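Comments concern the structure below.
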Amino acid sequence: MSPLVYNYMKLNYYISPTGNAYENLAMDEYFLTHLPPDTHLLYFYINDNAVIIGRNQNAFRECDLDALKERNVKLVRRLTGGGAVYHDVGNLNFSFISPEGMYDTDRQDEILLSALRSLGIEAEKNGRNDFVADGRKFSGNAFGAKGGNRVRHGTLLISSDMGKLDKYLTVSAKKLRAKGVASVRSRVCNLTEFCPTLTPKKATEAILKAFEAHYGMEASPLTLSASDEDAIGALAVERSSFDWVMGEAPTFDYSFEERFSFGMLQLCLTVTDGKVSRAEIFTDSLDITLPDRVKAVLKGEAFTPENIGNALFRTQSAELGEIGRYIINNI
């Protein structure tokens, strides 16, 4: 397979020509894996009617599968953590991809905020992965790493259909209560509320301009070879398979769902001869390693709240300890 063809500059950009969510997420993954050293890539894409779920989420719980099927809305699972989002042509997606040694989220934040200011939109960062305007979220971000490179990808709600967002995403009531709001729609907003003439194309141009201004050089378009396109196509087929997208519907002896400081978590356990023989964890945590860490601790442990809670607590991991304390005190 040939490497990606880059011009001899450190800044590159790519604007996807397709609205197919499987292809666009496959490109995102391919760029992350094949990015050359000393290169920053800014990737833009727009998905047409798709729900994107996090790497460790339970598809059967996160969205209305019947509504998706009825309206031919694609369900796509990404490589990174975080929660479910609805994409349509009023939603612009971006990815900052850099080698690990050059990756800087603070710089990326400033690029995005600077671009928004140039459009007359006053926004601010809220926590690690959200941007808000007037106290409401218009952008969520997720993070990942692969092959020595790192990615931060996110969304910009520009003129998205909020009614469909409500219809397709079955967000946990506990998650909504934890955020102190009554519905999905009430805590998000479109940027056209603040800049009525804004379009995804104008937002793309503003972010690209801020990207170039921040690094003090012109960005060059990325060129894909025929072999790159073939590889991306094959990856899109793989990532659109039922096994990857849906996973397995959980049937277990015991389960609970709770919101923790790191996000929602559903823990499902199978118990054989009084011991945990299988554990599955579904979560919107940004940490994609969390499920495997919990599984490694619980498998083979005697099934009592005190025992499995203490096993998690003894890891001295803040996240696992939080789960352990909940189990001991509430189960």
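Numbers below:
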{"quantity": "Test set (1) part of a helix (DSSP H, G or I); (2) open to solvent by less than 30 Å² (accessible area, probe 1.4 Å) - Leu198 fails condition number", "calculated": "(1)"}
{"quantity": "Flag if Asn49 is open to solvent by 10 Å² or more (accessible area, probe 1.4 Å), among the polar types (S, T, N, Q) and out of contact with any strand residue (DSSP E or B) (no Cβ under 6 Å at 6 or more places or on another chain)", "calculated": "yes"}
{"quantity": "Selection count, the stretch 298-312, where residues are touching a helix residue (DSSP H, G or I) at 6+ places or on another chain (Cβ under 9 Å) and open to solvent by 30 Å² or more (accessible area, probe 1.4 Å)", "calculated": "5"}
{"quantity": "Test: residue in the stretch 219-238 that is under 23 Å from the mean Cα position of the chain (by Cα), modelled with pLDDT under 90 and crowded, with 16+ Cβ neighbours inside 10 Å", "calculated": "no"}
{"quantity": "Residue match in the stretch 18-34 (condition: assigned to a loop (DSSP other than H, G, I, E, B) and over 22 Å from Asp161 (Cβ atoms))", "calculated": "no"}
{"quantity": "Residue in the stretch 268-285 that is without any contact (Cβ under 8 Å) to a residue 24 or more places away in the chain, farther than 26 Å from Asn141 by Cβ and not in a strand (DSSP E or B) present", "calculated": "yes"}
{"quantity": "All positions within the stretch 243-269 that are of a type in the set (S, T, N, Q) and under 16 Å from Ile331 (Cα atoms)", "calculated": "Ser255, Gln266"}
{"quantity": "Matching entry among Ala67, Ala21, Ala59, Ala84 (being under 18 Å from Ile232 (Cβ atoms) and of a type in the set (Gly, Ala, Ser))", "calculated": "Ala21"}
{"quantity": "Flag if Gly148 is in contact (Cβ under 8 Å) with a residue 40 or more places away in the chain, touching a strand residue (DSSP E or B) at 6+ places or on another chain (Cβ under 7 Å) and exposed (fewer than 15 other Cβ atoms within 10 Å of the Cβ)", "calculated": "yes"}
{"quantity": "Any hit, the stretch 114-127, residues being of a type in the set (Ser, Thr, Tyr), open to solvent by 40 Å² or more (accessible area, probe 1.4 Å), touching a helix residue (DSSP H, G or I) at 6+ places or on another chain (Cβ under 7 Å) and in a loop (DSSP other than H, G, I, E, B)", "calculated": "no"}
{"quantity": "Ala133 vs. criteria surrounded by fewer than 17 Cβ atoms within 10 Å (Cβ to Cβ), at negative phi and aliphatic (A, V, I, L, M)", "calculated": "no"}
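Yes/no matrix, rows are residues, columns are (1) at pLDDT 95 or above; (2) basic (Lys, Arg); (3) outside any loop (DSSP other than H, G, I, E, B):
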site	(1), (2), (3)
Asp38	no, no, no
Leu41	yes, no, yes
Val51	no, no, yes
Asp66	no, no, yes
Gly82	no, no, no
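Matching residues to (1) touching an Asp or Glu at 6+ places or on another chain (Cβ under 8 Å); (2) open to solvent by 40 Å² or more (accessible area, probe 1.4 Å); (3) among the polar types (S, T, N, Q):
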residue: Ser241; (1), (2), (3): no, yes, yes
residue: Met246; (1), (2), (3): no, no, no
residue: Ser255; (1), (2), (3): no, yes, yes
residue: Cys268; (1), (2), (3): yes, no, no
residue: Leu286; (1), (2), (3): no, no, no
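The values are calculated or read from the model by the stated rules, or taken from the named source; none is laboratory data. These numbers were taken from a predicted model, which means no experiment stands behind them. Cβ coordinates were reconstructed from backbone atoms using ideal geometry, including for glycine residues, and neighbour counts include every protein chain displayed. Calculation scope for accessible area: heavy atoms of the full protein, side chains included, ligands and nucleic acids excluded. Shrake-Rupley method; radii C 1.70, N 1.55, O 1.52, S 1.80 Å.
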